[in-house]
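Below you'll find the structure, written out as structure tokens, and then a few comments.
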Amino acid sequence: MTQPGPPEPTGHPAGQKARHFIHQEIDQDLASGRYQDVHTRFPPEPNGFPHIGHAKAICAVFGLAEEYGGKCNLRFDDTNPSAEEERYVQAIQEDIRWLGFDWEDRLYFASDFFETLYEWAQHLIRTGYAYVDHLSMEAIRAGRGRRDRPQDPGEESPYRNRPADESLADFAKMRAGDYPEGACVLRAKIDMAHTNLLMRDPVLYRIQFAHHHRTGDAWKIYPTYDMAHGQCDALEKITHSLCSLEFANHRPLYEWLLDHLPVQSHPRQIEFARLNITHTVLSKRFLRTLVETGKVDGWDDPRMPTLRGMRRRGFTPASIRNFCQRIGMTRTLSTIDLSWLEEELRKDLNQHADRRMVVLDPLKVVIENLPEGERLECQATNNPEQPNSGTRTLQLTREVWIEQEDFREEANRKFFRLKKDGSVRLRYGYVIHCHDVVKDSEGRVTEVRCTYDPETGGGKTPEGQAKVKGIIHWVSKEQAIPIEVHLIDVLFSDPHPMAGEADDYLHKLNPDSRTVLQGCQAEPSLQEARPGQPFQFERLGYFVLDAPDGQPNADRLVFNRSVSLRDSRPQDGA
RNA sequence: UACCCCAUGGUGUAAUGGUAACACUACAGAUUUUGGUUCUGUCAUUCUAGGUUCGAGUCCUAGUGGGGUAACCA
């Protein structure tokens, strides 16, 4: 039979998609005829906002379906009403679409299948594979085995061998709400001596009176993950059910249930390692703590590894997809260096972000031989990587702002920006020469006095003159608009915040994860910046207009630095 | 502790019993109106011990190290 998969690669040739162990498994399944096509699913529980770790899974399942010409469903695993909310259902869909994936008309909810799952539970009871157990939660837990001696077999519940009719009647009463929460559960009857403790008669249904975001108060009982997940996979005719490694222990149960239920199809669970990234935490619980304790401003704080946080920070869908492509899929535990994410973002933004000039920490330069009121027009390229991006006109005036950092009264030879009695080129403008400085009473330079060379416009170097190596950015004082800039740094100074004791991570937060800079000076075109529109502020990095909850700040222009430019300045050069 | 999973340069990923490779980082150089981009080069790798085999990163056994699970969460 022919396989739709890509050709056999060796290594990672440029431009060719990396192939991983799941490709190989799928190839075999198609070759052996186990499955005729590839149908995957993304199964989030609507109880939080997706983060970059989810992006890995999303890219994998949607990507695999696409590569094999198959389909990928979106299914909300909404089997625990006390934890789940409608707003997350919306947010998750928004984030997946933003990443660029489409489930078309295949949007499902586990709750869509509650009636079938109920019937299947009855089926298990009738066939002698499930029973209603009135033992307390503690008693059940104890009966499954001692924590310190898990090798010993568990103890069978006294309800284990009750007649099916009795269980059936009790199960109906559970559904009807005749029993209070916690009074009883439905358990599978498997093997109380199994070495995998999950197989020691796991709970399949429990009573919950919580209001469900979709089914309201129609149900008093809800299936557990194990009773719902594989069954929904089967009902949706999923072929390859991908999940993270912590579910590997559930696979025998996944198989057992499919084997004992009248399912029409038999999906296959494949586990992969979840994503870890240095300097951050990727777990809903820990991220929630950061939000709830006010360590960050919210789920969409630009420092958060949530997709909405990253979006607000200026990450692009392409950069995230490329990142996920690059890290691959394995069963090996790994921690990816945060710089990989930043590198992918730079790669994308270098191609697509228009260039602008902004001075973060302004120092006044007076060009003495440029009369007040006179303007020198300079043509600035919008994006050197995109020949068709055009140019814009900047006005060079007598007074301009440059970066404090770009001026030194004295400096060594490796410093090739502006110093006293030295020259530097104003980007897109002219070469200026500094011959004097003005200082305040404390000796700080408040003003730099320069002259410009009219022969050096358009990047020209006049005959016989040495080429000026340093080029710095600038903004006309007359034209500048004030903006606020937020520099974003790592959330945790420790590369491995999760190492160590339970809640240590809260003490490893980087106190300087956000630096607010007020009084920055920007070229006037930035007045028109739109949310999500990426810019490179020349020599400073990539920036995006801040838009909390998708809306720009009404009272002022705030830009977040998505990522800095790679900086190879030598340490002693400053 | 029991069960399950994992182990290849600093990092990540390939090599499907047959010459250990690719990318990133680091470092060096070239180009450059961004100390950016781009290009070139250099350094560096199979956890340990046995076994199977003509041949082992790959298969087997044991050890060591790391991780997951041991919820009426998913």
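Computed values, structure above
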item	result
Extension gain (nm, one decimal) between A:THR391 and A:ARG413, 0.36 nm per residue minus Cα-Cα	4.6 nm
Modelled FRET efficiency - R0 45 Å, A:SER82 with A:ASN350, Cβ distances, 0.05 increments	0.45
Residue-count net charge about A:ILE432 - beta-carbon cut-off 11 Å; Lys, Arg +1, Asp, Glu -1	0
Under 29 Å from the Cα of A:LYS439 - lysines, other chains or at least 8 residues apart	A:LYS364, A:LYS414, A:LYS419, A:LYS420, A:LYS469, A:LYS477
A:SER265 versus A:HIS123: modelled label distance in nm, points set 7 Å from Cα along the beta carbon direction	1.6
Cα radius of gyration and Dmax for segment A:317-393 (Å)	20.5, 68
Base-10 log of normalised Debye intensity for segment A:250-322 (one unit scatterer per alpha-carbon) at q = 0.16, 0.23 Å⁻¹	-0.72, -1.00
Relative pair counts by distance (%), Cα atoms of segment A:206-337, 5 Å bins	2, 8, 13, 13, 13, 17, 16, 11, 5, 1
Where labels lie 7 Å past Cα in the beta-carbon direction, separation of A:SER564 and A:ARG288 in nm	3.5
Gain on full stretching of the segment that runs from A:ARG147 to A:GLN527 - 0.36 nm per residue minus C-alpha separation	130.5 nm
For chain A, share of DSSP beta bridges that run antiparallel, in % to the nearest 5	65
Cα shape, segment A:185-252, gyration tensor, a/c 1.5 rule	oblate
Relative contact order of chain A, defined on C-alpha pairs under 8 angstrom at six or more residues apart (%)	12
Cβ-based net charge around A:ASP489, under 12 Å, with every Lys or Arg adding one and every Asp or Glu removing one	+2
Largest-first principal axis extents, alpha carbons of segment A:118-233, Å	42, 29, 29
Accessible carbon and sulfur surface of chain A relative to its total accessible area, %, 1.4 Å	46
Where labels lie 7 Å past Cα in the beta-carbon direction, separation of A:GLN518 and A:ARG444 in nm	1.6
Percent of alpha-carbon pairs separated by more than 39 Å within chain A	45
Charge tally in the Cβ shell below 13 Å around A:LEU333, where Lys, Arg are +1 and Asp, Glu are -1, A:LEU333 excluded	0
Debye log10 I(q)/I(0) for segment A:486-537, one point scatterer per Cα, at q = 0.18, 0.20, 0.32 Å⁻¹	-0.73, -0.79, -1.21
Using distinct alpha-carbon pairs, which all enter the 1/r mean, Kirkwood radius of segment A:457-562 in Å	17.0
Per-bin percent of Cα-Cα distances, segment A:381-526 [10 Å]	9, 27, 29, 18, 11, 4, 1
FRET E, pair A:ALA248, A:ALA193, Förster distance 22 Å, beta-carbon r, rounded to 0.05	0.60
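The values are calculated or read from the model by the stated rules, or taken from the named source; none is laboratory data. What you see is a predicted model, and the numbers here were worked out from it, not measured in a lab. Glycine gets a Cβ as well: all are built from the backbone with ideal geometry, and neighbour counts include every protein chain shown. Side chains included, ligands, DNA and RNA excluded: accessible areas come from the protein's heavy atoms. Shrake-Rupley method; radii C 1.70, N 1.55, O 1.52, S 1.80 Å.
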